[in-house]
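The values are calculated or read from the model by the stated rules, or taken from the named source; none is laboratory data. Nothing here was measured: the structure is a model prediction, and the numbers come from that model. Here the Cβ is made from the backbone with ideal geometry for all residues, glycine too, and neighbour counts use every protein chain on show.
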Amino acid sequence: MGSGVEGARSGFAPGWRGWFLLVAVSGALCLSPVPAAAAMIDEINVTVIPTTYVYDYNGGNPIGQLTIERTSGVELVITRAGVAQESLFDTYFKFTTTLSSDDSDPNTGQAIGIFTGGEITIRDGSATGDLLFRADIVRLELTENMSSEIFLLAGHGTFTDGEVHGDLAEFATSGLIGDVTWKLTPGSEINSFAESFTGDSNVSLLPEPVTMSLLAMGGMVMLIRRKRGRGV
């Protein structure tokens, strides 16, 4: 009987230890933070970037050109997994687009502009550094904040057909231009986009929601397949 008990124990112990090890490893994986490099980038932010808007008739054809650019030393704040943040401290950032429609309200004096075309470029170090991100601007709408006494323009838009490299390789190539906050130079109150002005801008770039949703759905499908494979 002793040998039978020992046999039963010897037959049971490896399986029990195996399950215990599996649970322990699974728990450790769940509790361990996901490495930043493995997570998709949720958001890219830049702040206090010199901004110019130049309105010119250009031989009878009015053109409004918006340029948000700092040639070096830009701090690029990257958000991953909704919480983790990291910074790239020496980058070049340029955002340029053209006025498509001046929808400013002449009755209230509120400036409203629709911009299309142009591109966003981020490089490592300087304007001649390695390309980290480039995308076409589809549309941008900027509206003057009438309740502000410091002359703010704020808006949102979209970008697409981008390419990503290096430290920004996990960012989407299409998405939203959100939280464009443009603080005009003091004393530069405006009534429309038929005039030139300067200031400083903060810009946020976010991945396309549809892209992120598809990634999440893909993860769910894989989980379901695993459960089916286990007979759950």
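Of the residues that make up region 138-155, is at least one among the basic types (Lys, Arg) and within 18 Å of Val46 (Cα to Cα)?
No, because not a single residue in region 138-155 is among the basic types (Lys, Arg) and within 18 Å of Val46 (Cα to Cα).
Out of all the residues in region 127-136, is one or more more than 20 Å from Ala172 (Cα to Cα), free of Cβ contacts under 8 Å to residues at least 60 places away in the same chain and not hydroxyl-bearing (Ser, Thr, Tyr)?
Yes, the conditions are met somewhere in region 127-136.
Look at region 109-140 and say how many of its residues are part of a strand (DSSP E or B), farther than 26 Å from Ser196 by Cβ and touching a His at 6+ places or on another chain (Cβ under 8 Å).
Counting residues in region 109-140 that are part of a strand (DSSP E or B), farther than 26 Å from Ser196 by Cβ and touching a His at 6+ places or on another chain (Cβ under 8 Å) gives 3.
So which residues in region 142-169 are surrounded by fewer than 18 Cβ atoms within 10 Å (Cβ to Cβ), of a type in the set (D, E, K, R) and in a strand (DSSP E or B), if there are any at all?
If the condition is that a residue be surrounded by fewer than 18 Cβ atoms within 10 Å (Cβ to Cβ), of a type in the set (D, E, K, R) and in a strand (DSSP E or B), then Asp161, Glu163 are the ones that fit.
Does Gly109 satisfy the condition of being within 24 Å of Leu152 (Cβ to Cβ), among the small types (Gly, Ala, Ser) and surrounded by fewer than 18 Cβ atoms within 10 Å (Cβ to Cβ)?
Yes.
Just wondering, is there one or more residues in region 70-92 that are at pLDDT below 95, of a type in the set (A, V, I, L, M) and touching a helix residue (DSSP H, G or I) at 6+ places or on another chain (Cβ under 7 Å)?
Looking for residues that are at pLDDT below 95, of a type in the set (A, V, I, L, M) and touching a helix residue (DSSP H, G or I) at 6+ places or on another chain (Cβ under 7 Å), one finds at least one in region 70-92, hence yes.
Do you know which residues across region 41-66 are surrounded by fewer than 17 Cβ atoms within 10 Å (Cβ to Cβ) and either in contact with a Ser or Thr (Cβ under 6 Å, 6 or more places away or on another chain) or among the hydroxyl-bearing types (Ser, Thr, Tyr) (or both)?
Hits for region 41-66 are Thr47, Thr52, Val54, Tyr57.
Could you check, for region 196-206, whether at least one of its residues is among the hydrophobic types (A, V, I, L, M, F, W, C), farther than 30 Å from Ser147 by Cα and either modelled with pLDDT of 95 or more or in a helix (DSSP H, G or I) (or both)?
Checked region 196-206: no residue is among the hydrophobic types (A, V, I, L, M, F, W, C), farther than 30 Å from Ser147 by Cα and either modelled with pLDDT of 95 or more or in a helix (DSSP H, G or I) (or both).
Just to be sure I understand, how many residues within region 61-108 are within 23 Å of Ser196 (Cβ to Cβ) and either of a type in the set (Asp, Glu) or in a strand (DSSP E or B) (or both)?
Matching residues across region 61-108 total 21.
If a residue has to be exposed (fewer than 15 other Cβ atoms within 10 Å of the Cβ) and within 21 Å of Glu119 (Cβ to Cβ) to count, how many in region 170-197 make the cut?
Number of matching residues: 0.
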